[in-house]
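The values are calculated or read from the model by the stated rules, or taken from the named source; none is laboratory data. For clarity, every value in this text was computed on a predicted model and none was experimentally measured. Positions of Cβ are generated from backbone atoms using ideal geometry, with glycine treated the same way; all protein chains shown enter the neighbour counts. SASA here: full protein model, heavy atoms, side chains in, ligands and nucleic acids out. Shrake-Rupley method; radii C 1.70, N 1.55, O 1.52, S 1.80 Å.
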Amino acid sequence: MIMENNYISMKNINKSFGKVVANRNVNLSVSQGEIHALLGENGSGKSTLMNMLSGVYTPDSGSIFIKGEEVQFAAPKDAIKAGIGMIYQHFKLIDVLTAKENIILGQKNSFFLNEKALSEKIREMTVRFGLDIDPDKKVYNMSVGEKQTLEILKVLYRGAEILILDEPTAVLTPQETEKLFKIMRKMKEEGCAVIFITHKMNEVMEVADRITVLRKGETVKTVEKSATNPKHLAELMMGCPVDLSIKRIETEKSKVAIEVRNLSAVNVEGVEVLKGMNFEIYSGEILGVAGIAGSGQKELCEAIVGLHPVKQGEIIFNGENLVGKSPAEIITKGISLSFIPEDRLGMGLVASMDIVNNVVLKLYQKQKGIFINRKPAEQKSMEIIERLSIQTPGIKHPVRMLSGGNIQKVLLGRELDSKPQVLITAYPVRGLDVNSCYTIYDLLNEEKQKGVAVLYIGEDLDVLLELCDRIMVICAGEITGIVDARDTTKETIGLMMTGAVNLNREGEKSEYDNANYN
Amino acid sequence: MIMPITIRAIKKSEPGRMKAALIRIGAMILALAASSLFILLLRLNPIDVYLKMVQGAFGTAYRVKETIVKTIPLVITSLGIGIAFKMQFWNIGGEGQIAMGAFAASYFALYMNDMPKPVLLLVMILASMLAGGLWALIPAFFKAQWGTNETIVTLMMNYIALKWVMFLQYGPWRDPNSLGFPKIANFPENAVLPKLLGVHIGWVFALILVVAVYIFINHTKKGYEIAVIGESINTARYAGINIKKTILIAIMLRGGLCGLVGMIQASAVNYTLSVEITGGVGYTAIITAWLAALSAPLILIVSFLFAALLEGGSYIQTVFGIPQSAAEILQGLILFFVLGSEFFVRYKFVFAIKHPTTAGKGAS
Amino acid sequence: MEAAVSFLHAAIVAGTPLLFATLGEIITERSGNLNLGVEGMMLMGAVIGFMVGLATESAVLALLAAMIAGAGGALIYAFLTITLRANQIVSGLTLTIFGSGFADFVGQDLIGQIAPEKLRMFFRPYSLPVLGDIPFIGQVLFRQDVFVYLGYLTAILLGIYLFKTSVGMNLRSIGENPGAADAAGINVTLYKYFHTLLGGALCGLGGAYLSLVYVPALQEGVTAGRGWIAVALVIFATWNPYKAIFGAYLFGGLDIIGFRIQNLGINVSQYFIDMLPYLVTITVLVVVSMRKSREKAGPKACGIPYFREER
């Protein structure tokens, strides 16, 4: 390798958190003018490595060289100075500030803010890099795509020559992803080095020049794109040959399990978050829900189980309207909801309590009297641990101390254990490694075979297309179409997600354009 | 800039109970050491002072009894506060709830006292618990309904309750036979709690309540729901727990316990109602509840030790002429150290010495 | 008219300690720290300010000492919550207990002492040239003592600092999202320490106003719950220093309305009138919490300790 070209080189990096080793002797080198993909499963140590490159974490040992010079970052500030710009998966933006203010945040600014001159300078930059952003728009009014563009602009403004993108496509529509790739290529032409963290093989093949694969905190290999293919990469990533296709089990479409009619809801600020939704889920099918983050997914889940007030409409289950019933009633009738929020804890599980106390959460309401009996929950906990092969020192171990995958298995295991007729599951594989993802897909398929009606809310369109029977696309609280997953494409769904195509309003021109959702 | 030595805090893997306890005890010792410095400033010998404090709290049978009498309100109030804090309801309205409980009990003791003693006492207990509970319910209602900050509301209500008692003491309830001295008449004999083994019967109440609250928190559905709400309100929602109802029940209970303290203090200790009825117990109990990590059995122990600290504090006041406020400072210091020590239970510091490396020597 | 001028003039005087404490807590909460030790810091400032004033007869030194005392209390809180990540609410409550104990203890021999003549002269009302002659407004606003003018100035300067300077913007972002601020290269710990201490210093000043100017003598528990009203006023003022001015003077008015009502010959018990500020505070809190809006909500990360390597 030629020395001058090694823009960044990280050598023998080690980092552990308590007893968990996140990086062990990791090596990485990136050249100028290349898009370098960092490929690995969740938990393989990609984010940890990049957090050390951007000064958020400090390595336990090892060295980092930028343009041949060794650097030691005590804080993100130092990394920014060295020309490193990190774009985090969870945007690091201040909601109440404008785009402009976010851009100059933490910079050596003059003491008093000169608003006009700054707006001008930022407008110039947007033109130069082909980015589209309004400097005076507040972040809370922005769509996900806009926020990401802002993040990129922010690091460029700071003079970044090394751009790190942490799973940037996870929340984007296919169209937005295309746009992002265009920007990345433009950066490369400008002479920047781009590091692209992902676990999606097809994206790697589309945009990267070289690929470094990490597995279980260690570097497996760095390969040229021309010398590899998705299958090979998957093998490197998993450490063994794998079949990455998801099975869709065909079942006989039988009776309607739950029917939603003309469902509308408004949030506390009075904004309509669900707009006249009509759909049904059959027993033995998986109905997928696709949509940009914040299009009403959470409100829909919550409305069905009675956690979100409903303005009008009906939810018919076993001939009975659920609207107006209390969550406890609805849950005991056989509808189960598991929602994995972004921080992965906090909805459904009590982090500081042990598995038994978390399992008892869905059992105790059926018990008689004022006392709580934890005995049955202990039995169930054991069963769940065994069935989902959860790794834990015991049933009395606080859930917080488990790994992310095991935490999610506890949650899903408990929900399945209540033998629901309708299973609503939102982002069940969020942040899981590939093997755990497949365990969860298998579990969902198992439930489907048993005749359970599954509502699956997901982010990854590829997974939705392979796993689900039908896909319902929502945009700003409205259903823009329900399609058969067997004969539809990612692009079509992407267009429906933005409201550009609306099957429910055939022939009408959509009132939404790309900038009008958030 | 490269620092030669860096200090970082790193999360420990789950610490052992023993170690955690040791760290906390260490914190108490440090607190005593810090207080010693303070005592030295007063030109007194700290060892002397501490010994006299122990003497003041346990030196004679009478003093032990006094310490127990001081323990009783602390235990019961801490139990109530513990329930609220477990739910992350930062209620500091103990003072007001105690005052209102005492007020309600006093009404029956002073104006409806022609009942047999057991009946009257029972009525006073129920009235005090109801009054304390309702007083606590007001901020809880605002909190449950609109998320109004309970800390400040409960505190404002303390002042209102004390002004109310003051109004009674200086106005309509003033004893005409007190020769111009603004005080409320003493309770008649049948409104005074009986004694058992030399100490008023409140200690039996306190012990029963410790057990009852322990069972309530650990073995009942409501107790479990309270713990879930405290840990994560969203999880509670998703499990279908009726959050508003649970908050209201728990706070009613908490206020009821504080109200009972008011009754006990008025009936068995002061024999009347006055603005001094609370004696700062509502605030001190926050400390004891927190030090006891909200656990009922520990509350019993910590309250006893704290009562000893108060009792010893007032003894050294007479011996050395140290003002009462010294005890407050000591309380503050102990809590500061214990609060700070939690960090060392959860984290450890790592000292790393960075070797300056020759730049750019790496690359193969 | 005469009565109105005199009432409003007195309301501003009574509101000044509240203003300083509210401003202090606004700055503290903007950095993401909910410090409930305001009452304690005010008491520390009141006593230390008074003692130094008595000993040196210098207003400047007295105020400086009060600020240092308040900041000293805040330093304990800051060390516990920022460095040791202790629970903010309990730490603040403890600071109040400690502060009132400290004040009672240190000040015990001086209780009832009157502020020295020289200082009382220094803090006597002083009519500003031209401004003081404006009818009504001038009579109310610009015939005050130096300390009150300092209050106006502090509020306005803090407003500019918070909304018009880059440092203030950095501060606001820390209160909203310390993780993002940290990633942007802002020294979160330094900002938190600095502004918590600055907040404490302002609370100390508020206390000193009570003992040196308002009373002007040392009393036990001279703050009488004003620190807590200040915490509530922060919410009322929606974390905005400009609005704090109105909030503080409004409550100043409530504080003194009792005497005025009795002077008018209306027969209401003193004790009920004394309840007024507390009742109004509760009402304000409830009303504010009823109308929810994003812009008017407090700093999102307020009350949550920040630790970069948390996972």
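Data table
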read-out: Shielding by partners - mean other protein chain Cβ count within 10 Å, residues of C:2-15; value: 0
read-out: Sulfur and carbon atoms: percent of accessible area, region C:211-265 [1.4 Å]; value: 63 percent
read-out: Residue C:111/residue C:146 FRET efficiency (R0 35 Å; Cβ-Cβ; nearest 0.05); value: 0.85
read-out: Relative pair counts by distance (%), Cα atoms of region C:53-195, 5 Å bins; value: 2, 8, 11, 13, 15, 15, 13, 11, 8, 4, 1
read-out: Inter-probe distance in nm under a simple model that places probes 7 Å from Cα toward Cβ, at residue C:153 and residue B:18; value: 6.2 nm
read-out: In order through region C:202-219: 3J(HN,Hα) via Karplus (6.51 cos²θ - 1.76 cosθ + 1.60), integer Hz, x for Gly, Pro; value: 5, 4, x, 4, x, x, 4, 4, 5, 7, 8, 10, 6, 6, x, 7, 8, 10
read-out: Listed residue (B:153, A:352, C:229) projecting farthest to the positive dipole end of the protein assembly as shown, Cβ model; value: A:352
read-out: Among C:82, C:158, C:148 the positive-end extreme of the charge dipole of region C:2-289 (Cβ point charges); value: C:158
read-out: Summed buried accessible area for C+B [probe radius 1.4 Å, Å², rounded to 100]; value: 4100 Å²
read-out: Cross-link partners of residue A:311 among aspartates and glutamates (Cα-Cα below 16 Å; sequence separation of 8 or more within a chain); value: A:269, A:272, A:299, A:302, A:478
read-out: Average projection area in nm² (convex hull over Cα atoms of the protein assembly as shown, one quarter of hull surface); value: 51.8 nm²
read-out: Average other protein chain Cβ within 10 Å of Cβ, residues B:88-95; value: 2
read-out: Area hidden from solvent between A and B (accessible, protein heavy atoms only, 1.4 Å, total, Å²); value: 3200 Å²
read-out: Cα-projected label distance for residue B:207 with residue A:140, points at 7 Å along beta-carbon direction, nm; value: 5.6 nm
read-out: Portion, in percent, of the accessible area of region B:112-158 that falls on carbon or sulfur, probe 1.4 Å; value: 77 percent
read-out: Those trypsin sites (Lys or Arg not before Pro) in region A:1-100 that DSSP places in a loop and that have at most 11 other beta carbons within 10 Å; value: A:19
read-out: Rounded FRET efficiency, nearest 0.05, which uses the C-beta distance separating residue A:400 from residue A:182 and R0 of 35 Å; value: 0.25
read-out: Count, lysine Cα pairs under 23 Å in region B:71-298, 8 or more residues apart or across chains; value: 15
read-out: Sequence-distant lysines (8 or more away, or on other chains) whose Cα lies within less than 16 Å of residue A:380; value: A:362, A:366, A:396, A:409, A:419
read-out: Cβ crowding within 10 Å averaged over residues, with C:174-181, C:6-13 ranked highest first; value: C:174-181, C:6-13
read-out: Buried solvent-accessible surface, both chains (A, C), 1.4 Å probe, Å² to nearest 100; value: 2500 Å²
read-out: With all protein chains modelled, accessible area of residue B:319 [1.4 Å, Å²]; value: 60 Å²
read-out: Calculated [θ] (222 nm, deg cm²/dmol) that DSSP helices of n ≥ 4 give over chain B, each run adding -39,500 (n - 2.57); value: -23500 deg cm²/dmol
read-out: The protein assembly as shown, dipole about Cα centre (Lys/Arg Cβ +1, Asp/Glu Cβ -1), debye to the nearest 20; value: 1900 debye
read-out: Alpha-carbon centroids, region B:256-318 and region A:205-247: separation in whole Å; value: 66 Å
read-out: At least 15 Å along the helix axis (C-alpha) and Kyte average at least -1.0, DSSP helices within chain A; value: A:115-129, A:144-157, A:404-417, A:434-449
read-out: Dipole of the protein assembly as shown, positive end: most advanced residue of C:307, B:338, A:455 [Cβ charges, Cα centre]; value: B:338
read-out: Per residue accessible area of the protein assembly as shown, 1.4 Å probe, in Å²; value: 40 Å²
read-out: Inter-chain shielding of B:220-228 (mean C-beta neighbours from other protein chains, 10 Å cut-off); value: 5
read-out: Accessible area (Å², 1.4 Å probe, nearest 10) - residue B:278; value: 10 Å²
read-out: FRET efficiency estimate (nearest 0.05) - Cβ-Cβ, residue C:283 to residue A:253, R0 60 angstrom; value: 0.50
read-out: Low-density loop cleavage sites - chymotrypsin sites (Phe, Trp or Tyr not before Pro) in region A:64-123, where at most 12 other Cβ are within 10 Å (DSSP); value: A:111
read-out: Label-point gap, in nm, between residue B:178 and residue A:170 - each point 7 angstrom along Cα→Cβ; value: 6.7 nm
read-out: In range of the label at residue A:117: residues from region A:68-104 whose backbone nitrogen is under 11 Å from the point 7 Å along Cα→Cβ; value: none
read-out: Ordering of A:184-195, C:219-230, C:28-39 by burial proxy (mean other Cβ atoms within 10 Å per residue, highest first); value: C:28-39, C:219-230, A:184-195
read-out: Accessible surface of residue C:194 - all protein chains present, 1.4 Å probe, nearest 10 Å²; value: 110 Å²
read-out: Per-residue [θ]222 nm for chain A (sum of -39500 (n - 2.57) over DSSP H runs n ≥ 4, rounded to 500); value: -9000 deg cm²/dmol
read-out: A:463, C:268, ranked by accessible area, largest first (probe 1.4 Å); value: C:268, A:463
read-out: Net charge dipole size for chain B [Lys, Arg +1 and Asp, Glu -1 on Cβ; Debye, nearest 20]; value: 1300 debye
read-out: Size of charge dipole - region A:2-238 - debye, nearest 20, with Cβ of Lys, Arg +1 and Asp, Glu -1, no other charges; value: 340 debye
read-out: Ordering of A:35-44, C:184-193 by burial proxy (mean other Cβ atoms within 10 Å per residue, highest first); value: A:35-44, C:184-193
